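Input: a single structure, listed below in C-alpha cells.
Please treat every number below as a calculation from the coordinates, not as lab data. For clarity, every value in this text was computed on a predicted model and none was experimentally measured. Because the Cβ atoms are built from the backbone with ideal geometry, glycine has one as well, and the counts that use them run over all protein chains shown.
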Amino acid sequence: SHPQYEFIQVTEPRPGVGQITLNRPKSLNALSTPLITELNTALSSLQSSPTTRTILLTGSPRAFAAGADIKEMAPLTFSSAYLTSFIESWSNLTHTLKKPLIAAVSGHALGGGCELALMADILYCTKTANFGQPEIKLGTIPGAGGSQRLTRAVGKAKAMELILTGKSFSGEEAEKWGVAARSFGSWEELMEESLKTAETIAGYSKVAVQAAKEVVNKSQELGLRDGVEFERRVFHALFGSEDQKEGMGAFAEKRRAEWKDR
Ligand code: HXC
C-alpha cells in the first residue's frame, strides 16, 4: 500500500500500530542513504498520521541491520563527509519523533544497525540477536550515537571494551545489561510480544504517552535535580488534560477509561 518505498515496508498490523520493516535483504538491511531517507519519510508520516499511536521498527529474522552501507562509505573523503554532514540525517530519525518507537531486533544489529536499535524507546530482541559496534575493525568508530547511547545503557566499562574490541554481544546479554527491555526465544515470540506491547501503549491516552516518553528521555539529558523538576512540571500540566480526569474518574467509578486524547 506504500509503493513509494523500495527499501522498507510500512504496514498497520494492529489498530494504532504502524510497523516499519527494513527490507533490503540482499545486503542484510545495510543502511544506505536512500534507505535512511525512506525511513525518515516513513517515521515522519507515521508521526503525523492521526491513527498511528505506536511505531514498531523491525527487520528480518536474519538481520535487523548489518550496519551503515560499507560500500557507500568506502570512498568518502573527510571533506565530502563534512560538507554533506554525512549521517546527520540519522539524528532526525528519532529527535522529532514524539510517538513511542519499539525496535524488534533479530539477527545482526551491527554498527549503525546497533545504533539505530539504541535510538528506540523500547528495545526487544531475540536471545540470539547479534549486537555490536565493529567499526574499529574497519578503521573507524561508531558515528550514529553508539559511543554515547551504548555507554549510557551499559556503563563505561563494558562500552569501552565493546567499542575498542569490536566484539559482538548476544540478545541475551543485551537484556542482562539493560540494553534490551526483554529478549525472546524465537522470532515469532519476539514479534508477538512486540505487537502486544505496541497495542498496550496504543490503548492509553496519547497525551499521557507522549508526556511519559518525553520525561523519561529527559533523564538522558538532564542532571537528577533538573530532571525531577521537569517531571513535576509536566505532571502538574497533565492535571489540565481531560484524560487525567477521565482516567482517575473511571478508576473511582470502577469502569474502563475512554480516552479522548485531550
Ligand atoms: C554493505 C553489507 C553490509 C554492510 C553485509 N553486507 N553487511 N553490505 N554494508 N554493512 C552484504 C555483504 O557484502 C553481502 O553482499 C551480503 O550483505 C551478505 O553478507 P555476508 O557477509 O555474505 O553474510 P554472512 O557471511 O552471513 O555475514 C554476516 C555479517 C557480515 C557478519 C553481518 O555481513 C558482516 O560482518 N557485515 C559487516 C558488519 C559491519 O561491519 N557493520 C558495521 C558497518 S560500519 P554480497 O554482495 O557480497 O553478497 C557502520 C558505521 C556506522 O555501521 C557509523 C554511522 C552510521
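To the nearest ten degrees, helix 206-218 and the longest principal axis of the Cα atoms of the chain are 50 degrees apart. Here's the list of lysines a cross-link from Lys26 could span, going by alpha-carbon distance under 19 Å and ignoring same-chain residues fewer than 8 apart: Lys71. Under 5 Å from the amide H of Phe169 lie the amide H atoms of Phe131, Gly132, each residue being 5 or more positions distant or on a separate chain, with H modelled from the backbone and absent for Pro and chain starts. For segment 136-151, 3J(HN,Hα) computed residue by residue from phi via the Karplus equation (6.51, -1.76, 1.60; θ = phi - 60°) reads 4, 5, 9, x, 9, 9, x, x, 10, x, x, 5, 8, 6, 5, 5 Hz, glycine and proline entered as x.
Checking the cross-link pairs Lys137/Lys158; Lys98/Lys218; Lys156/Lys176; Lys127/Lys156; Lys99/Lys196 against a 20 Å limit on the alpha carbon distance flags Lys127/Lys156 as lying beyond it.
With respect to the chain, whose longest principal axis is taken over its alpha-carbon atoms, helix 242-252 is tilted by about 60°.
Scoring 142-149, 252-259, 63-70, 185-192 by mean Cβ neighbours within 10 Å over their residues and listing the highest first yields 63-70, 142-149, 185-192, 252-259. Take the convex hull of the alpha carbons in the chain; its mean projected area over all directions comes to 15.5 nm². Couplings 3J(HN,Hα) of segment 186-194, computed from phi: 8, 4, 4, 5, 4, 5, 4, 5, 5 Hz, in residue order, whole Hz [Karplus 6.51 cos²θ - 1.76 cosθ + 1.60, θ = phi - 60°; x for Gly and Pro].
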